[in-house]
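Read-outs: derived from the displayed coordinates by stated rules, not from any lab. Because the structure is a prediction, the values reported are computed rather than measured.
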């Protein structure tokens, strides 16, 4: 993943978006802190967009350092991620 500063981004945002369209993910930083991650529309987050729109989940911003400490689940394309999480929650409640 590439990293650019807000200043670099502001000089030529079209070029940055062109890189993202080609499949590159880019972290945008301000004073060395990641404030945004630009990723192609076909990214894994796209799978959750409809859940956000329906109000079923809320996405919270995380820093690059926090991303590595978050749980990661491999979810096959044909499986509903919410169903997996609910099943896991039911297991934990037993």
### Message
At 0.36 nm per residue, and after removing the present C-alpha to C-alpha distance, how many nm does the segment from residue 7 to residue 66 gain when stretched out fully?
### Response
18.8 nm
### Message
Over the chain, what is the relative contact order in percent, taking alpha-carbon pairs closer than 8 angstrom and at least six residues apart?
### Response
19
### Query
Hey, could you pull the Cα Rg and Dmax for segment 12-66, both in Å?
12.9, 36
### Task
Name the shape class, rounded, prolate or oblate, that the alpha-carbon gyration tensor gives for segment 1-40, where a ≥ b ≥ c are the square roots of its eigenvalues, rounded holds for a/c under 1.5, and otherwise prolate holds if a/b is larger than b/c and oblate otherwise.
oblate
### Task
Return the calculated 222 nm mean residue ellipticity for the chain, to the nearest 500 deg cm²/dmol, obtained by summing -39500 (n - 2.57) across DSSP H runs with n ≥ 4 and dividing by the residue count.
-10000 deg cm²/dmol
### Cα-based convex hull volume of the chain per residue, rounded to whole Å³
128
### Summary
For segment 44-94, the convex hull over Cα atoms projects on average to an area in nm² of 4.5
